[in-house]
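For reference, the structure discussed in these notes is given below.
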Amino acid sequence: MTATGLPDSLIATLPGSAYTDPGIFAQEQEHIFEAMWFCAVRSADLARPGAFRTVEVGRESILITRARDNSVRAFFNICRHRGAKLCTAETGEVKRAFQCPYHAWTYDLTGKLVAAPNLTKMPDIDRTAYGLATVATREWLGYVWVCLAEKPPPFDEVVGDVIARLGDTDSIEHYDIDNLEVGKRIVYDVRANWKLIVENFMECYHCATIHPELTEVLPEFADGYAAQFYVGHGAEFGSGIKGFTVDGSEGLDRIPGVTADQDRRYYAITVRPQVFINLVPDHVIFHRMYPVAADRTVVECDWLYLKHVVESGKDVSRSVELFDRVNRQDFDACERCQPAMSSRLYAKGGVLVPSEHHIGEFHAFVEKRLGAGRPQ
């Protein structure tokens, strides 16, 4: 029996309020999503200078674009004049500049103020100082990561989550994710707290119950231990399974860098705070979460394949269907849990069995981030 009064095989989860309280969600926005590196967009979505995408990061709208020197730039999506939202479209392309629809203050692709009504009559205005407010950016694994903090933490924190799961960075580099192409993208609107989705992804205690197709392809998942429970472990395809497809049939062309040890195996990685990476020999499934409210999360999921597979128009539907079913099964489970988070019965939370104990580290991470933001 532990100090909490639970049997040794059980540990407590977060309390129900952690999944329902708007105040706690606001703290998470400030001290997690606005303070850490946040995976925002696929680099290829910004194919040319002037291409842009707007993304909600915590409580802020962020404008991400490609400048004329081909570098990626990110800014707060706010005009420096009177605070109007600069870009209202989610995606688009401009030729040379962004113009505020309110008073026509205009900024080039580096964020510099280049024009405004009567600007020449205001020679004391520093066009750089009154340019768009910049946001730190990094490109990794073919995605643009942004950080809103004034002093961004080392990007090694992001890479460290991959190392903690796989044991090194070489293992993920074998998949050459930067150079893969999006073969399919599905956006899910999930009526559940973002932490329920993370917890679900990290464990497989539920797999035998709700994932019949997945456990057919990965039989060891039926035993309840997820691949993430073990450092460096990849779940092995079942005998007779030819590919990571909904019916176990042949997959697509294998990624050349995948080693013999990685072949016929599935690896899952959680990169805090909002990314899931799934590695299989012929493709990569990359999830990004955008927490919208305490009880709502938008999840954008990319299926990534070799360029020639996508360009040739090969049928990827069987590999997409497998994890699309897994996603929908998982999200349905999370949505069933969300209403109970506000029940008096769940006020003190639930419990984690041994195969879920590693989720306790995620809970500790959340509590530490929120605790660091509270006054001492």
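Of the GluC sites (Glu not before Pro) found in region 119-190, those that fall in a DSSP loop while having at most 12 other beta-carbon atoms within 10 Å are Glu150. A DSSP coil position with no more than 15 other Cβ atoms inside 10 Å describes the following chymotrypsin sites (Phe, Trp or Tyr not before Pro) in region 153-249: Phe155, Tyr230.
Percent of Cα pairs in region 212-319 per distance bin of 5 Å, from zero to the largest separation: 2, 11, 19, 22, 21, 14, 7, 3, 1.
Rounded to two decimals, the Cα radius of gyration of region 268-376 over 2.2 N^0.38 Å is 1.36.
Report D for region 31-186 in µm² per second (integer): Stokes-Einstein, Kirkwood Rh on Cα pairs, 10 °C, 1.306 mPa s.
Here the translational diffusion coefficient equals 94 µm²/s.
Angle of helix 317-337 to the longest C-alpha principal axis of the chain, folded into 0 to 90 degrees and rounded to 10: 90°.
Rounded to the nearest whole angstrom, the semi-axes of the ellipsoid equivalent to the chain, taken from the Cα gyration tensor as √(5λ), stand at 38, 28, 17, largest first. Ranked from largest, the principal axis spans of the Cα set of region 101-178 equal 60, 24, 18 Å. Extending 7 Å from Cα along the Cβ direction at Arg68 and again at Asp8 yields two label points whose distance is 6.9 nm. In the P(r) worked out for region 110-236, what percent of Cα pairs fall beyond 16 Å? Value for region 110-236: 78 percent of Cα pairs lie more than 16 Å apart. For the chain, averaging the sequence separation of C-alpha pairs within contact (under 8 Å, six or more residues apart) and dividing by the residue count gives a relative contact order of 21 percent. Calculated on the alpha-carbon coordinates, the convex hull of region 74-125 measures out at 88 cubic angstrom per residue.
Classify region 162-285 from the C-alpha gyration tensor, please: rounded if a/c falls under 1.5, else prolate or oblate depending on whether a/b exceeds b/c.
rounded
Spherically averaged projected area of the convex hull of Cα atoms, region 9-93: 8.5 nm². Starting from the Cα gyration tensor of region 24-64, take the square roots of the eigenvalues, sort them a ≥ b ≥ c, and report rounded, prolate or oblate (rounded when a/c is under 1.5, otherwise prolate if a/b is larger than b/c, else oblate). Cα axes put region 24-64 in the prolate bin. What the pair-distance distribution of region 216-278 shows, using all Cα-Cα distances binned every 10 Å from zero, is 19, 50, 28, 2 percent.
Principal axis extents of the Cα atoms in region 165-204, from largest to smallest and rounded to whole angstrom, are 35, 27, 15. Only one residue of Val309, Gln274, Phe221 has its Cα farthest out toward the positive end of the dipole of region 204-309, where Lys and Arg carry +1 and Asp and Glu -1 on Cβ, and that residue is Gln274.
No lab work stands behind these numbers, since they all come straight from the coordinates. Only a predicted model underlies this, so the values are computations on that prediction, with no experimental measurement involved. As a convention, Cβ positions derive from the backbone with ideal geometry for all residues, glycine included, and neighbour counts pool all protein chains shown.
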